[in-house]
Amino acid sequence: MIKSDEQIKSDWERLENDNIEKACEYLRRYEGDIEDYVAEIVASLCNVDVDKMLSDTSVAYLAQARWLYWYALRYMTNETYDKIAERTMRKTPYRFTPNGIGQSINKMSAMIVNEPIWTKRWIIIKRIIKLRDTVVKEKSETETVTMKIIAPKGVKLELKNE
């Protein structure tokens, strides 16, 4: 579950006002950025609308774009099919099963090997993902954010860097 900005703000009522907006921005970026980023790249390369691509339509070119989206997410995050299904459901009201996502990723894998148009699209997506990873790594090495979090009485606060 992704919290809205208002929920985050209410959770952190006592956080210094200057940092609330920055904290919300960083939390949003880490929760939703990957699937949005990949979806936009794939939709652009396949010349389809993102919302239509992520719908439950069986129109071939939209379904294949969706398969490529899932293939790219799997490549980029190495997540399980369950997690990819969960990510997809955050962006769309449609329900996709982990088994269906796995089958779609396998189909796309075969298409990338056998069909030149999908090979070319995959090469472009892979290069963009690697470029993004390089930029994100460089930013994370040079950018530090300090947040002061005060927990209510009786609440033990434990932060983990994952």
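The values are calculated or read from the model by the stated rules, or taken from the named source; none is laboratory data. Since we're looking at a predicted model, the values are computed, not measured. Virtual Cβ from ideal backbone geometry, glycine too; neighbours counted across all protein chains shown. Just so you know, the surface numbers come from the protein's heavy atoms only, side chains and all, with ligands and any DNA or RNA stripped out. Shrake-Rupley method; radii C 1.70, N 1.55, O 1.52, S 1.80 Å.
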Determine whether region 96-117 contains at least one residue that is assigned to a helix (DSSP H, G or I) and modelled with pLDDT under 90. no
Which ones in region 51-80 are assigned to a loop (DSSP other than H, G, I, E, B), more than 14 Å from the chain's Cα centre (by Cα) and of a type in the set (Ser, Thr, Tyr)? SER55, THR57, SER58
Here is a list of conditions, (1) farther than 15 Å from ARG121 by Cβ; (2) modelled with pLDDT of 85 or more, and ARG29 meets all of them except one; can you say which number that is? (2)
With the structure loaded, tell me whether GLU79 is open to solvent by less than 40 Å² (accessible area, probe 1.4 Å) and at pLDDT below 90 or whether it fails that test. yes
Consider only pairs whose beta carbons are under 6 Å apart and that are at least six residues apart or on different chains; among these, list those whose first residue lies in region 100-124 and is closer than 18 Å to LEU73 by Cβ and whose second residue is of a type in the set (Lys, Arg) and in a helix (DSSP H, G or I). ILE105/ARG74
Applying the selection to region 82-97, what residues are touching a helix residue (DSSP H, G or I) at 6+ places or on another chain (Cβ under 6 Å) and more than 23 Å from LEU45 (Cα to Cα)? ASP82
Would it be correct to say that ILE41 is at pLDDT 80 or above, in a helix (DSSP H, G or I) and open to solvent by less than 50 Å² (accessible area, probe 1.4 Å)? yes
Could we say that ASP36 is among the acidic types (Asp, Glu) and either at pLDDT below 85 or in a loop (DSSP other than H, G, I, E, B) (or both) here? yes
